[in-house]
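A short worksheet on the structure shown next.
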């Protein structure tokens, strides 16, 4: 437990290393520091899974054979937590079925010891790039959700019908309101969602996975 959270270099993306071999942990920690990465090493999977989490670019260098949990089980648990953390598996022996399972589940790389430093660093660079992209996409999606949450019920209904391809007159007929009222609501939707065009609004709706919420109940809603 003494190693939990030990930092090799302050700042920057974090590379988590989980391996029960202290010599491997120490050598990888030195390699990460020399490459400019922050490293946190763990001797067991349970120590790693119990760590405090924070939304920052990171990846995991994970030994397949651990004393408490199998590396593939760690991968499944992270997936169950909806944790977007790219994984680089390392192992002392090649196992094709295990490699296939890990890669199908989204692993970045599966390396057999001994492996070259440049090979590992290349995989880490790829993994951190994926992590940064996933975090950026999550932040953008959260912003869209906040904008959508600011819409009134009627504005949500208008947006759903507009992105479904209905014209203002058709939206008015569907909701039982005038075309002028539809235009007013549509303008508010565009401003609140910060959409520069209908095409962009459609793109936002797709990212939010919105479907048409209008129906018989929508017609009964106040305008």
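Of note:
- Single match in 24, 7, 17 (criterion: farther than 14 Å from residue 56 by Cα and modelled with pLDDT of 95 or more): 17
- Within segment 147-158, considering residues that are in a helix (DSSP H, G or I) and touching a residue at least 24 places away in the same chain (Cβ under 8 Å), the one surrounded by the fewest Cβ atoms within 10 Å (Cβ to Cβ): 153
- Which numbered condition residue 137 fails, given (1) surrounded by 12 or more Cβ atoms within 10 Å (Cβ to Cβ); (2) at pLDDT 95 or above; (3) under 30 Å from the mean Cα position of the chain (by Cα): (2)
- Only one entry of 106, 129 meets the criterion of being assigned by TED's automatic domain parsing to the domain that holds residue 61, at pLDDT below 95, surrounded by 14 or more Cβ atoms within 10 Å (Cβ to Cβ) and touching a strand residue (DSSP E or B) at 6+ places or on another chain (Cβ under 9 Å), and that entry is 106.
- Considering residues of segment 49-78 that are closer than 18 Å to residue 133 by Cβ and surrounded by 14 or more Cβ atoms within 10 Å (Cβ to Cβ) only, the residue farthest from the chain's Cα centre (by Cα): 60
- Residue tally, condition in a helix (DSSP H, G or I), touching a helix residue (DSSP H, G or I) at 6+ places or on another chain (Cβ under 8 Å) and farther than 26 Å from residue 146 by Cβ, over segment 159-205: 6
- Pick from segment 206-223, criterion at pLDDT 50 or above and part of a helix (DSSP H, G or I), ranking: surrounded by the fewest Cβ atoms within 10 Å (Cβ to Cβ): 206
- Which listed residue is part of a helix (DSSP H, G or I), modelled with pLDDT of 90 or more and under 23 Å from the mean Cα position of the chain (by Cα), from 46, 40: 46
- Considering residues of segment 15-37 that are under 24 Å from residue 70 (Cβ atoms) and in a loop (DSSP other than H, G, I, E, B) only, the residue farthest from the chain's Cα centre (by Cα): 21
The values are calculated or read from the model by the stated rules, or taken from the named source; none is laboratory data. Please read all numbers here as calculations on a predicted model, not as lab measurements. Counting neighbours? That spans all protein chains shown, and the Cβs are built from the backbone with ideal geometry, glycine included.
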